[in-house]
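The values are calculated or read from the model by the stated rules, or taken from the named source; none is laboratory data. Just so it is clear, the model here is predicted, and its values are computed rather than measured. Here the Cβ positions follow ideal geometry from the backbone for every residue, glycine too, while neighbour counts run over all protein chains shown. Just so you know, the surface numbers come from the protein's heavy atoms only, side chains and all, with ligands and any DNA or RNA stripped out. Shrake-Rupley method; radii C 1.70, N 1.55, O 1.52, S 1.80 Å.
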Amino acid sequence: MALRISLKPNEKMILGGAVITNGSGFRCNLIIQNKVPILREKDILSECDANSLCRQLYFVIQLMYIDEENLDAHQINYWKLVKDLIKAVPSSRIFIDQISEEILGGKYYQALKLAQKLIDYEQEVISRVQ
């Protein structure tokens, strides 16, 4: 089953490791015929924006999803970050367990969606502390 994606003018996305930009002044419709990693601009986190443990975790999962050639290195970084995060915020364990289950199953996109919930939780924890 094909996936239809509509890009706004100047909107970016990652498609199979390539950055695609709609440069026209119009919407662009793409039909993706096969299974490849796809991330819309709103879901892409740059390395410089990965400025907290949870955001770093999201960034590493993103790399696992789009950079399969270096999957082993990204997984090593993931487990190191998991250890640091659980040590710093033990209550994050419920999120980590769900994310890790998806990663172990090779479902990186689903893990990214759960990692976004972890980032939201991190913001909630920070707000309570302040």
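Among the residues of the stretch 48-61, those that are surrounded by 13 or more Cβ atoms within 10 Å (Cβ to Cβ) and either in contact (Cβ under 8 Å) with a residue 12 or more places away in the chain or assigned to a helix (DSSP H, G or I) (or both) comprise SER52, LEU53, CYS54, ARG55, GLN56, LEU57, TYR58, PHE59, VAL60, ILE61. Pairs linking a residue in the stretch 30-44 that is within 21 Å of PRO9 (Cα to Cα) to a residue that is of a type in the set (Asp, Glu) and surrounded by 13 or more Cβ atoms within 10 Å (Cβ to Cβ), with Cβ atoms under 8 Å and 6 or more positions apart or on different chains, are ARG40/GLU11; GLU41/GLU11.
Against the test of being open to solvent by 90 Å² or more (accessible area, probe 1.4 Å), over 12 Å from the mean Cα position of the chain (by Cα) and within 28 Å of VAL129 (Cα to Cα), the options LYS8, LYS83, LYS117 yield a single qualifying residue, LYS83. Among the residues of the stretch 86-114 satisfying the criterion of being open to solvent by 60 Å² or more (accessible area, probe 1.4 Å) and polar (S, T, N, Q), which is nearest to ILE61 (Cα to Cα)? Residue satisfying both the conditions and the ranking: GLN110. All conditions in (1) open to solvent by 40 Å² or more (accessible area, probe 1.4 Å); (2) assigned to a loop (DSSP other than H, G, I, E, B) hold for LEU45, with the sole exception of (1).
Taking the criterion of being touching a strand residue (DSSP E or B) at 6+ places or on another chain (Cβ under 9 Å) and either among the small types (Gly, Ala, Ser) or more than 19 Å from GLU122 (Cβ to Cβ) (or both), would at least one residue in the stretch 43-62 satisfy it? No, the stretch 43-62 contains no residue that is touching a strand residue (DSSP E or B) at 6+ places or on another chain (Cβ under 9 Å) and either among the small types (Gly, Ala, Ser) or more than 19 Å from GLU122 (Cβ to Cβ) (or both).
Under the condition of being small (Gly, Ala, Ser) and under 17 Å from the mean Cα position of the chain (by Cα), the residues counted in the stretch 19-72 number 3. Every condition in (1) open to solvent by 50 Å² or more (accessible area, probe 1.4 Å); (2) in contact with a His (Cβ under 6 Å, 6 or more places away or on another chain) is met by MET64 except one, and the failing one is (1).
Filtering the stretch 96-113 to residues that are of a type outside the set (S, T, N, Q), assigned to a helix (DSSP H, G or I) and more than 22 Å from ARG40 (Cβ to Cβ) leaves ILE96, ASP97, GLU101, LEU104.
Of all the criteria given as (1) buried (at least 19 other Cβ atoms within 10 Å of the Cβ); (2) out of contact with any strand residue (DSSP E or B) (no Cβ under 7 Å at 6 or more places or on another chain), the one not satisfied by MET13 is (2).
All conditions but one from (1) touching a helix residue (DSSP H, G or I) at 6+ places or on another chain (Cβ under 7 Å); (2) of a type outside the set (S, T, N, Q); (3) not in a helix (DSSP H, G or I) apply to ILE86; the one that does not is (3).
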